[in-house]
Amino acid sequence: MVSYAFFRSLADRNSQVTVELKNDLCITGSLQKVDQFLNLNLVNVSVNDSDRCPQLLSVKTAFIRGSMVRYVHVSPHEVDAEALQAAAEEKQSRSQASEKRAIS
């Protein structure tokens, strides 16, 4: 699972991310943990629209369920595009090889 491995590498480095939720709320923080369902655990969080959700101003850690995430914004310098491309190509070639075995 390429996306899980990517987010796990970000969590290992405590990368700063902004998570856009399906309810249009954006939360920024350091990615501490991620699981196989892409649930995210953020520390040192801040809400980008504090007027809309003032109750979240005092929150310092957040667990975000993966099914509630619309988009995760990552700084371009945090992304190793070549490694990500290689992992995606490897997964695709394995998928095609397993399809050929299933047809035979």
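The values are calculated or read from the model by the stated rules, or taken from the named source; none is laboratory data. If you're wondering where the values come from, they're calculated on a predicted model, not measured in any experiment. Counting neighbours? That spans all protein chains shown, and the Cβs are built from the backbone with ideal geometry, glycine included. Keep in mind that these areas ignore ligands, DNA and RNA; they rest on the heavy atoms of the full protein, side chains included. Shrake-Rupley method; radii C 1.70, N 1.55, O 1.52, S 1.80 Å.
Things to note:
- In degrees, nearest ten, helix 81-103 long axis to first principal axis of the chain (Cα): 50
- Note that the chain presents 68 Å² accessible area per residue, ligands and nucleic acids not counted, probe 1.4 Å.
- Whether segment 51-104 is rounded, prolate or oblate, judged on the alpha carbon gyration tensor where a/c under 1.5 counts as rounded: prolate
- Surrounding net charge for F7, when Lys and Arg each add one and Asp and Glu each subtract one, Cβ distance under 12 Å: 0
- Charge tally in the Cβ shell below 13 Å around S30, where Lys, Arg are +1 and Asp, Glu are -1, S30 excluded: +1
- Rounded to whole Å, sorted largest first: equivalent-ellipsoid semi-axes of segment 1-63, Cα gyration tensor: 22, 12, 9
- The chain - percent of accessible surface contributed by carbon and sulfur, probe 1.4 Å: 52
- Summed side-chain charge close to A88 - residues other than A88 whose Cβ falls under 13 Å, Lys, Arg +1, Asp, Glu -1: -2
- Over segment 9-104, the pair-distance histogram of Cα-Cα distances with 10 Å bins from zero comes to 15, 37, 26, 14, 7, 2, 0 percent, rounded to whole numbers.
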